[in-house]
Amino acid sequence: MKNTILSIVAVFSTAGYTMAEEAAVANPVTLTGEIKTTIAETAADKYGATTTFGLDVGVTGIAFGGLDFAVGSDDKLALDEWHIGANLGLATVSYGDQGNNWIGAEGEQTIADPAMGDSLKVSVGDATVALGMTDATADVTDLSNVQATYTMGVADDLSLTGAVDYNLDSETTILGASLGGVDLGVATASGAFTYGLDSEAWGYEGVVATGGLTAYLNGDNVETLQNIGGGYDMTIAGGLELGADLSYNMNSEEFKPSVSASFSF
């Protein structure tokens with residue numbers, strides 16, 4: 001795995017150097033990445049380590065791309081997500097297996113998280129629309145779902161994001177909203193809420209953060225208070241970050257701890 005990672009870095013670095021030679025000084029090439037290992041409880045009641053590796057490269061104001069890998073049990077890197085994109089003046093366009101276009105929180109155990117495969121994503125200002133494809137290798141015109149988000153500033157650092165997911169196969173709609181940047185003096189608060197128009201299922205999560213400490217609670221229409229948890233992230237010199245997280249499920253009365261270490265460059 002070590003040689004594979006070094007090879008990838010070398011390829012991107014060489015590509016970055018070549019692009020830098022061709023690009024204008026006003027459009028420098030950037031290369032960033034992260035290696036992260038997380039130790040958490042497995043389904044077999046053991047503690048296993050999961051390692052992920054990501055690389056992002058771009059020419060400022062022109063084009064960008066990224067690769068995300070996960071290390072499997074055979075100690076080999078497997079491509080998890082990828083994307084390529086370009087800045088086209090008023091709009092930014094990207095294509096790939098790039099996750100969904102949705103709101104987020106901290107624990108995210110109860111809010112809806114509609115999946116999206118390969119997609120074409122277009123962003124104009126604070127609005128983003130993503131077209132998810134059922135199987136891009138077979139037919140790029142066969143769409144599975146459409147997701148859209150829009151973020152607006154409410155006051156100072158306070159922002160509100162609205163989201164909608166429409167599934168073309170099941171003809172169902174999910175709405176989402178998140179609020180961030182609420183100043184509590186010694187901490188900041190944020191929240192997320194999702195609601196299925198057809199299922200009438202809803203979920204929420206509230207988050208409070210101060211310094212490197214984060215705490216959250218969440219629930220849904222089945223259990224109003226379902227999970228509580230928190231985490232602490234500590235940045236060490238040189239791009240190294242250590243983290244510890246703990247969640248508690250009110251129904252199963254189970255604790256789920258995890259620790260992580262990441263290096264960013």
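The values are calculated or read from the model by the stated rules, or taken from the named source; none is laboratory data. A quick note: this is a predicted structure, and the numbers were derived from the prediction, not measured. Counting neighbours? That spans all protein chains shown, and the Cβs are built from the backbone with ideal geometry, glycine included.
Per-structure values
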read-out	value
Count of residues meeting criterion [more than 22 Å from the chain's Cα centre (by Cα) and surrounded by 16 or more Cβ atoms within 10 Å (Cβ to Cβ)] in the range 122-141	0
The range 153-182, residues that are closer than 27 Å to residue 142 by Cβ and not in a strand (DSSP E or B)	168, 169, 170, 171
Residue list for the range 34-46, restricted to those being touching a residue at least 24 places away in the same chain (Cβ under 8 Å) and either assigned to a loop (DSSP other than H, G, I, E, B) or farther than 24 Å from residue 255 by Cβ (or both)	34, 35
In the range 231-243, the residues that are at negative phi and either assigned to a loop (DSSP other than H, G, I, E, B) or under 21 Å from the mean Cα position of the chain (by Cα) (or both)	231, 232, 233, 234, 235, 237, 240, 241, 242, 243
Some residue of the range 89-107 being within 30 Å of residue 27 (Cβ to Cβ), over 17 Å from the mean Cα position of the chain (by Cα), at pLDDT below 95 and surrounded by fewer than 21 Cβ atoms within 10 Å (Cβ to Cβ)	yes
Criterion (part of a strand (DSSP E or B) and either in contact (Cβ under 8 Å) with a residue 40 or more places away in the chain or surrounded by fewer than 14 Cβ atoms within 10 Å (Cβ to Cβ) (or both)) met by exactly one of 70, 49	49
So residue 115, is it surrounded by 14 or more Cβ atoms within 10 Å (Cβ to Cβ), closer than 27 Å to residue 200 by Cα and within 14 Å of the chain's Cα centre (by Cα)	no
Whichever residue in the range 180-201 is under 19 Å from the mean Cα position of the chain (by Cα) and touching a residue at least 24 places away in the same chain (Cβ under 8 Å) and, among such residues, is surrounded by the most Cβ atoms within 10 Å (Cβ to Cβ)	192
